Amino acid sequence: MTEVIDSALVWFRRDLRSTDHAALYHALKNARRVWCAFVFDTDILDPLPRFDRRVDFIQRSLVELDQALEALGQQHPLAQLHSSAASGATCGLIVRHGSAKVEIPKLAAQLGVQAVYANHDDEPAAQARDALVRGQLSNQGAALFTSKDHVVFERNEVLTGNDSPYGVFTPYKNAWLKKIDPFYVKPYPIERYAAHLAPIPAKVHPIGSPRVPELATIGFEAVGELKIPAGMSGAQALLDDFLHRIDHYDETRDFPGIKGPSYLSTHLRFGTVSIRQLAGLAWDRAKAGSAGAQTWLSELIWRDFYHQILFHHPHVVGHAYKREYDLIKWAHGAKAEAHLQAWCDGRTGYPLVDAAMRQLNQTGYMHNRLRMVVASFLIKDLGIDWRRGEAYFADKLLDFDLAANNGGWQWAASSGCDAQPWFRIFNPINQSEKFDPQGKFIRRYVPELAALPDRALHAPWLARPSDLASIDDVVIGRDYPQPIVMHDEARAETLERYAVLKTATDKDIQKLARKKPAKKSG
């Protein structure tokens, strides 16, 4: 838009920050008065358990965002010129609890705005929601404008020479790196137009009352201590800490027993930090020769890659990216259900797998190397459909992001783009010995085995009697389980299961392609 309008509403979703924010910038630049809103969307929240770390993280982040918007509106000299300033009304966040498809058009009408600004969300369910909101607003004489904000490059910005989306990561990464320049990581100058933030009228929210509801008000229970600090300040604290370690990221990132990752994935998911800020820092440091920064930047590029895959291939929600992989017959029945439950509970008999699953259940976080290990174990040792693991992660991960979660699970299942070949199967014992050699991580989450010597910790069922004597009050098979499957036998079954791919015909694949993708996004 080039013509300045009277008023606009910014709809915050997965972008809970007041700095370097595309939608907020465009609204402030193009409207004389701007209000900001967030909806605790019951279409998303109602299916969740009442104890959910993500809702707690969001609520805490919203409190900080509300305070930041209020401060942003007050710091500009022109803020006092608003006619309602004398009444005690202040800028901040308008929060609603209900279906966003209803609440946003309703609030837009109540405020009398001409436009609603939001940032892109490429999940299929989100696109359907935005289409409905756009239609409702149009009926009211208002418009919905959306902008890129969640990734550096989106949708059709990085394409092959044939103008088609990439399906292999390395050439995508090369094209990404060729395209990047300072413009794409330049922050949006929000403060330049901060005077356009408007105080919230009493008819919309009572003056002086808390704007962000407590969790109990929306039907949720507080988690207590979150392992990941929330809000923009939490993101900045983690970033400041990581910048002291980033140059060694390539050497430390695969070892869960040491402090290697940035731990910023949750903040990227909810937008409490700008991807442009992170990519810009990594890119500058990589150009200066930091191998760690180069590796971390590559991880950020993977994130862009998976988001463009989801946009161009929405069938990946519920179906294999490579459609022939939907021909695989997965394990089912009582035995498979028991195996799935043992995997969920961290009781498989493989200490590294169990430690990883217990970390997830206790904290809502799992180290990235371990995500690959446990996914491979579920799919290729237990023979269980990758979609069931994907769904469990979607329920438990604090940083759950549909595109990345789906991409990671399909990588492990070999059904995704640029996935590991189906005949390459992680050996959970080897992974344990390689990436947790002293058992620091295992001992933290499987304390019943902590007294075992390192050599026995990775496969305790093979331990010598003298080693088991160190845990004489723990019996393998009673206090800690025997392996629920033997890896070598499971590997042979997996190779047989995947052999159907060798005989898949074009007709089989065409038939699978005619199936409609799932309606829900996870």
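Answer yes or no: is there a residue in the range 219-229 that is among the aromatic types (Phe, Trp, Tyr), crowded, with 17+ Cβ neighbours inside 10 Å and not in a loop (DSSP other than H, G, I, E, B). Break it down stepwise before answering.
Narrowing the range 219-229 to residues among the aromatic types (Phe, Trp, Tyr): 220.
Filter again for crowded, with 17+ Cβ neighbours inside 10 Å, leaving 220.
Remaining after also requiring not in a loop (DSSP other than H, G, I, E, B): none.
Checking the range 219-229: not a single residue is among the aromatic types (Phe, Trp, Tyr), crowded, with 17+ Cβ neighbours inside 10 Å and not in a loop (DSSP other than H, G, I, E, B).
Looking at Arg455, Arg443, just one residue is free of Cβ contacts under 8 Å to residues at least 40 places away in the same chain, of a type in the set (Lys, Arg), surrounded by 15 or more Cβ atoms within 10 Å (Cβ to Cβ) and in a helix (DSSP H, G or I), and that residue is Arg443.
Among residues of the range 5-31 that are closer than 17 Å to Ser61 by Cα, those with a Cβ under 6 angstrom from a residue that is of a type in the set (S, T, N, Q), sequence gap 6+ or separate chain, pair up as Asp15/Asn119; Leu16/Ser61; Leu16/Thr272; Arg17/Thr272; Asp20/Ser274.
Restricting Pro447, Pro517, Pro460, Pro437 to those that are modelled with pLDDT of 90 or more and farther than 27 Å from Ala338 by Cα reduces the list to Pro437. Taken as a whole, the range 286-294 holds at least one residue that is outside any loop (DSSP other than H, G, I, E, B) and touching a Leu at 6+ places or on another chain (Cβ under 6 Å). Scanning the range 460-497 for residues that are in contact with a Gly (Cβ under 9 Å, 6 or more places away or on another chain), assigned to a loop (DSSP other than H, G, I, E, B) and surrounded by 13 or more Cβ atoms within 10 Å (Cβ to Cβ) yields Pro481, Pro483, Ile484, Val485.
Take the conditions (1) closer than 30 Å to His150 by Cβ; (2) of a type outside the set (S, T, N, Q); (3) open to solvent by 10 Å² or more (accessible area, probe 1.4 Å); Pro421 misses just one of them, which is (1). Set side by side, the residues Leu397, Leu370, Leu378, Leu402 differ, and just one is more than 26 Å from Pro165 (Cα to Cα) and either touching a residue at least 40 places away in the same chain (Cβ under 8 Å) or open to solvent by 10 Å² or more (accessible area, probe 1.4 Å) (or both), which is Leu370.
Considering Leu281, Leu238, the condition of being open to solvent by 60 Å² or more (accessible area, probe 1.4 Å), in contact (Cβ under 8 Å) with a residue 24 or more places away in the chain and part of a helix (DSSP H, G or I) is satisfied by Leu281 alone. Of the residues making up the range 424-440, those that are more than 22 Å from Ile384 (Cα to Cα) and either open to solvent by less than 40 Å² (accessible area, probe 1.4 Å) or under 25 Å from the mean Cα position of the chain (by Cα) (or both) number 3. The selection criterion, being assigned to a helix (DSSP H, G or I), under 30 Å from Trp302 (Cα atoms) and among the small types (Gly, Ala, Ser), holds for Ser432.
In the range 1-17, which residues are among the polar types (S, T, N, Q) and open to solvent by less than 10 Å² (accessible area, probe 1.4 Å)?
Applying the first criterion (among the polar types (S, T, N, Q)) to the range 1-17 yields 2, 7.
Selection gives Ser7 alone.
Restrict the check to the range 47-58 and report whether at least one residue is under 11 Å from Ala115 (Cα atoms) and not polar (S, T, N, Q). No, the range 47-58 contains no residue that is under 11 Å from Ala115 (Cα atoms) and not polar (S, T, N, Q).
Where in the range 317-416 are there helices (runs of 4 or more DSSP H), lying wholly inside it, with at least 3 residues that are farther than 25 Å from Gly271 by Cβ and touching a Ser or Thr at 6+ places or on another chain (Cβ under 8 Å)?
On the way: elements: 334-345, 351-363, 368-376, 386-396, 402-413.
Qualifying helices (runs of 4 or more DSSP H): 351-363.
The values are calculated or read from the model by the stated rules, or taken from the named source; none is laboratory data. These numbers come from a predicted model, not from an experiment. Cβ coordinates were reconstructed from backbone atoms using ideal geometry, including for glycine residues, and neighbour counts include every protein chain displayed. Heavy atoms of the whole protein, side chains included, go into the accessibility calculation; ligands, DNA and RNA do not. Shrake-Rupley method; radii C 1.70, N 1.55, O 1.52, S 1.80 Å.
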